[in-house]
1. What does the extension gain come out to for residue 75 and residue 132, with contour length at 0.36 nm per residue minus their alpha carbon separation?
2. Please check: in the Gaussian network model of the chain (C-alpha springs, under 10 Å), which one of 123, 48, 133 has the largest mean-square fluctuation.
3. Given only helices, namely DSSP H runs of n ≥ 4 each adding -39500 (n - 2.57), what is the per-residue ellipticity at 222 nm of the chain, to the nearest 500 deg cm²/dmol?
4. Which FRET efficiency value, to the nearest 0.05, do you get for residue 108 and residue 247 by plugging their Cβ-Cβ distance into 1/(1 + (r/R0)^6) with R0 = 22 Å?
5. With each label point set 7 Å from Cα along the Cα-Cβ vector, what nm distance links residue 221 and residue 50?
6. Classify the range 116-250: rounded, prolate or oblate, from the alpha-carbon gyration tensor (a ≥ b ≥ c, eigenvalue square roots; a/c under 1.5 rounded; otherwise prolate if a/b is larger than b/c)?
7. Anyone know which of 75, 103, 95 comes out most mobile in the 10 Å Cα GNM of the chain?
8. Project the alpha carbons of the range 36-126 onto their principal axes and report the range along each, largest first, in whole Å.
């Protein structure tokens, strides 16, 4: 029998020299003191360009490169923060453990600017390297679900037909996945961590050399003054990929 431990969530840091980031350290309920890291969000893209990036990159310059730091605040069941950009676009993020195997995520984006905001795509990165059972480089321990069932990401590249609803790629790519979730299996194969934005999931991808998994959501176009709330989750399973499929096929 798998003993269930309490999920831990604390405000963290990845690149402490980058004042822009909002990192949540999340300890899975598997009896280890290791954490996975949620970069929340890593980036916000729109028709107006790259509005936000959690770190400095010469390859991806942002519209607002010199933002001040914003601290997480402790709230019931988790942590949250709120950031406002110079153009009055703002968002509020929440990360909280509500059951013994579930971390709930919410992000509310508000267009406080005088211009419509369209083609809104977010990158949300779940970084595995700090957890010894999830830190394997490569693709064979990371999965998406397709019409053929669960496929590891090493095999996805050879799938050409688009028979799914969700993109495989960085905010684009072929629609291969038919469930809005990406999963990573521990080295012991006993546990799974799954990442999803439910119906707002747009694309699924990973960086095998990082290593991380991404469930990246899309937000509908926002008129001036409009808001939209994303609801996502990180789910820890003890009974393999079948448990994940049962949850997200509903």
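Nothing in this text is a laboratory measurement; each read-out follows from the coordinates by a stated rule. These numbers come from a predicted model, not from an experiment. Positions of Cβ are generated from backbone atoms using ideal geometry, with glycine treated the same way; all protein chains shown enter the neighbour counts.
1. Length difference between fully extended and current span is 17.6 nm.
2. 48
3. -1000 deg cm²/dmol
4. 0.35
5. 2.5 nm
6. Verdict is prolate for the range 116-250.
7. 75
8. 40, 29, 25
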